[in-house]
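The values are calculated or read from the model by the stated rules, or taken from the named source; none is laboratory data. These figures come from a predicted structure and were not determined experimentally. Heads up, the Cβs are rebuilt from the backbone with ideal geometry, glycines too, and the neighbour counts pull from every protein chain shown.
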Amino acid sequence: MIALKRPHLFFLFLSLILWGRSDVFAQSKSTDTLVVVTDTTNIDALFKKARDFSFQGNNAQARRICQKILEKKPGYYDVRTFMGRTYAWDKRYEEARTEFSRVLIEKEDDIEALGALIDVEMWTENFKVASDYLKIALGYYPTSEDLMLRKARLQLRLDLEESASLTLRRILDLNPGNKEALKMLNSMKDSRLSNKFQLSFNTDFFDKNNSPQKLASGEIGRSFTFGSIAYRATYAERFNTKGLQSEVDGYLRFVKSNYFYLNVGFSDSKIFPEVRAGAEIYQKIPAGFELSGGFRYLQFSNPGTKIYTASLGNYFRNYWFSVRVYLTPKSTIETNDFLKKSSQTLILNIRNYFGDADNYFGIRLGQGQSPDERKITDAGIQRLKSLQGGIEYQRLAFGRWVIKGDLGYSKEEVRASTFQQRISIGIILKTIF
Amino acid sequence: MKVLVCEDDEMVLKMVEFKLQKEGYEVHLAKDGKEALEKISGLRPDIIITDIMMPYLTGLEIVHQVRKQLGLITPIIIVSSIGLEKTVLEAFQLGADDFITKPFSPNELSVRVKKLLMKSA
């Protein structure tokens, strides 16, 4: 009989125990897998399971589940893209590319797969390829903040700080609440392009014997860590009177999904409100929509007029849709119905972007007048009927200068059953530096 | 080895270009049938990959031109969408050598290119 030394006895004992339990371990492992993938009835729940596994660090298991889903539903692009992402996280970039390519070969504008493929090329330092893919992707989605952020990151990797700043500023023009863009901009030591300057000129012509009305404004602003602030001076010539108004606008960001707009202005001219103010909160909501609500205050005489406003907007591919409403309650109207006692302004805006966020064509339709256009000469005029329409065209002119033209038409009831027609022509020049 | 890729989908074009360049091929691109024929005549690529549906000239017309008009024996791979099997058969009758269906894996395309080039060498 062979005498076994203590360590050997220990290992023999351990082996016997494990051998007795090994089938249980194997069973529980395989049972675990079986339980997960045999139930393919609820594909979305399975996809969530896959994401959970990946989040726990088990990308291999996540991929097995994705494969099962794709056997049942080969066209589930999000699943294939996610599977590709798990390969990328495991640094298996070639397999990742294969999965993203398979999606894009079938659906060339799949934004998730586009973003994922661009990420892989950036991580593997194929910057030229990443740049080519980004150009194509932004062609499909010129106002995509995610794609523009990737563009800015790529530009920073290529030491193109000024270009990156420009890209980030364009993102903030589209969405002043984009925290990631602001964070990147503030982390750049030089070339932040934190400042903006704008000049605008507008002339309104009337069909009656009213002299044209002119409006000109200059605006200068700057971005800070908490948001942006701008000062605007507006000069107007109306009813043989000239006047000047000063305003300060602020966009303040606190959390990722919302930001605040604040405005205050003063004038000692009777053609402007003595005091104007405004506040609005913008909130991102699901499906890419942005909802806002707030108010404007215009004081031509004491007491002033409060105007409530709300808007709903969305960027879809290379379009932007927005609808805004202004409600002005009137104390002179005797009713408890808020809508019945309020004058209502409704404005619909649609823009078509081509190439990038600087270049677009837009149309505007509405009823009522907007207090944000700085054309309100008397808050009381809002009670009367008005229909308006307009077109706008903006493009990058030269360097960092952007030029915008605006042509508008409105038919306004100036007193009961008396209408005037107004044609408005405007031009805006703006830049960042 | 010169590869000519004819495809009007820019994204697909870029992905295939990237894959084949990594494999060491000299990749030339054509976004429509007219450009494809010009490049075939000018470059004399070693292999042609062409989509069936393209502006100006279809992939079938390109196969026909290459075989009948230019008299070339350059290997041709047809890229087709699912559901165009009859068109693929027609392409084979005109002289195409292989086909691949969308969606395809760039790896699979690369293997087919390699195989055809070895065969024609």
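List of remarks:
- Exclusive hit being modelled with pLDDT under 90, within 12 Å of chain B (Cβ to nearest Cβ) and crowded, with 18+ Cβ neighbours inside 10 Å, set A:GLU121, A:GLU106, A:GLU99: A:GLU106
- Odd one out for B:SER105, checked against (1) under 15 Å from B:THR58 (Cα atoms); (2) within 14 Å of another protein chain (Cβ to nearest Cβ); (3) out of contact with any Phe, Trp or Tyr (no Cβ under 9 Å at 6 or more places or on another chain): (1)
- When region A:186-213 is filtered for residues that are under 16 Å from A:THR431 (Cβ atoms) and either of a type in the set (Lys, Arg) or surrounded by 17 or more Cβ atoms within 10 Å (Cβ to Cβ) (or both), the ones remaining, listed by number, are A:ARG192, A:LEU193, A:SER194, A:LYS196, A:GLN198, A:SER200.
- Within region A:101-118, the set of residues being assigned to a helix (DSSP H, G or I), farther than 10 Å from A:TYR133 by Cβ and not polar (S, T, N, Q) comprises A:ARG102, A:VAL103, A:ILE105, A:GLU106, A:ILE111, A:GLU112, A:ALA113, A:ALA116.
One line per residue, one yes/no per condition, for (1) out of contact with any strand residue (DSSP E or B) (no Cβ under 9 Å at 6 or more places or on another chain); (2) closer than 19 Å to A:LEU429 by Cα; (3) not aliphatic (A, V, I, L, M):
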| position | (1), (2), (3) |
| --- | --- |
| A:LEU215 | no, yes, no |
| A:ARG222 | no, yes, yes |
| A:ALA233 | no, yes, no |
| A:TYR261 | no, no, yes |
| A:LEU291 | no, no, no |
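- Region B:1-28, residues that are within 11 Å of chain A (Cβ to nearest Cβ) and of a type in the set (A, V, I, L, M): B:MET11, B:VAL12, B:LEU13, B:MET15, B:VAL16
- Checklist (1) in contact with a Phe, Trp or Tyr (Cβ under 9 Å, 6 or more places away or on another chain); (2) β-branched (Val, Ile, Thr); (3) modelled with pLDDT of 55 or more applied to A:THR40, failing item: (1)
- When B:ILE40 is tested against (1) within 11 Å of the chain's Cα centre (by Cα); (2) within 14 Å of chain A (Cβ to nearest Cβ); (3) farther than 23 Å from A:TYR140 by Cα, just one condition goes unmet, and that condition is (2).
- Residue within region A:85-95 that is under 15 Å from B:PRO106 (Cβ atoms), in contact (Cβ under 8 Å) with a residue 12 or more places away in the chain and buried (at least 24 other Cβ atoms within 10 Å of the Cβ) present: no
- Residues that are at pLDDT 90 or above, in a strand (DSSP E or B), touching a Phe, Trp or Tyr at 6+ places or on another chain (Cβ under 8 Å) and charged (D, E, K, R) do occur in region B:2-20, at least one of them.
This table checks each residue for (1) of a type in the set (A, V, I, L, M, F, W, C); (2) part of a loop (DSSP other than H, G, I, E, B); (3) at pLDDT below 85; (4) over 30 Å from A:LEU138 (Cβ atoms).
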site	(1), (2), (3), (4)
A:TYR326	no, no, no, yes
A:SER331	no, yes, yes, yes
A:LEU348	yes, no, no, no
A:ARG351	no, no, no, no
A:ASP356	no, yes, yes, no
A:GLN369	no, yes, yes, yes
A:ASP372	no, no, yes, no
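- Among the residues of region A:124-148, the ones that are surrounded by fewer than 22 Cβ atoms within 10 Å (Cβ to Cβ), part of a loop (DSSP other than H, G, I, E, B) and more than 8 Å from every other protein chain (Cβ to nearest Cβ) come to 3 in all.
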